[in-house]
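Structure first, then comments.
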Amino acid sequence: MRKFTRTIENFDCGNCGYKVFGNGYTNHCPNCLWSRHVDVSPGDRSAMCWGMMEPVGIEIKGGEHTVAHRCLVCGETSRNKVAKGDNFEVILELASRPLAS
């Protein structure tokens, strides 16, 4: 089981440049939904890759929406909860396309 480490930090999005103010649970840019491959376990910042992670789809399981990301450097995939304040237009656009396996 992956252990969660709460890490509070602000960052500039590597995709769109949006200034993101983290709350310890912030995983992706709320503007474009892109992320960065920084964790092995959530919040640990121990990944060696640090590649950009493209949002490739939205999944709904048990009423919970998650963003699926794929790393452009190493190909690893991860899923993260949609956060309050995430760009709804980008969520709709992602939801309208099929999730690639």
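The values are calculated or read from the model by the stated rules, or taken from the named source; none is laboratory data. Because the structure is a prediction, the values reported are computed rather than measured. Please note: Cβ atoms are built from the backbone with ideal geometry, for glycine as well, and neighbour counts cover all protein chains shown. Heavy atoms of the whole protein, side chains included, go into the accessibility calculation; ligands, DNA and RNA do not. Shrake-Rupley method; radii C 1.70, N 1.55, O 1.52, S 1.80 Å.
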**Request:** Could you name the aspartates and glutamates whose alpha carbon sits less than 12 Å from that of K19, not counting residues in the same chain fewer than 8 places away?
**Result:** E9
**Fill in**
Along the stretch 11-24, Karplus-curve 3J(HN,Hα) (6.51, -1.76, 1.60; θ = phi - 60°) to the nearest Hz, with x for Gly and Pro, reads 7, 9, 4, x, 9, 10, x, 4, 7, 9, 9, x, 10, x
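222 nm [θ] for the chain, helices only, -39500 (n - 2.57) per DSSP H run of 4+, per residue, to 500?
-2000 deg cm²/dmol
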**Request:** Before anything else, pin down the relative contact order of the chain: Cα pairs under 8 Å, at least 6 apart, normalised by residue count, whole percent.
**Result:** 21
**Request:** With only Lys, Arg, Asp and Glu charged, each at its Cβ (+1 for the first two, -1 for the last two), find how big the charge dipole of the chain is about the Cα centre; round to the nearest 20 debye.
**Result:** 260
**Asked** For V56, which sequence-distant residues (separation of 5 or more, or a different chain) have an amide H within less than 5 Å of its own amide H, given hydrogens modelled in the peptide plane?
**Response** A68, H69, R70
**Prompt:** Once phi is turned into ³J(HN,Hα) by the Karplus curve 6.51 cos²θ - 1.76 cosθ + 1.60 with θ = phi - 60°, what whole-Hz value does each residue of the stretch 85-90 show in order, with x for glycine and proline?
**Reply:** x, 5, 4, 5, 5, 5
**Request:** For the stretch 19-101, divide the Cα radius of gyration by the Kirkwood radius and give the resulting Rg/Rh value with two decimals.
**Result:** 0.94
**Prompt:** So between V56 and Y18, what do we pick up on full extension, going 0.36 nm a residue minus the alpha carbon distance?
**Reply:** 11.8 nm
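State the percentage of accessible surface on the stretch 9-101 attributable to carbon and sulfur atoms; use a 1.4 Å probe and exclude ligands, DNA and RNA.
54
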**Fill in**
For F11 the rounded accessible area (nearest 10 Å², probe 1.4 Å, non-protein molecules ignored) is 70
**Request:** Quick one: which residues, 5 or more positions from E9 or on another chain, have an amide H under 5 Å from its amide H? H modelled 1.01 Å from N in the peptide plane, none for Pro or chain starts.
**Result:** G22, N23, G24
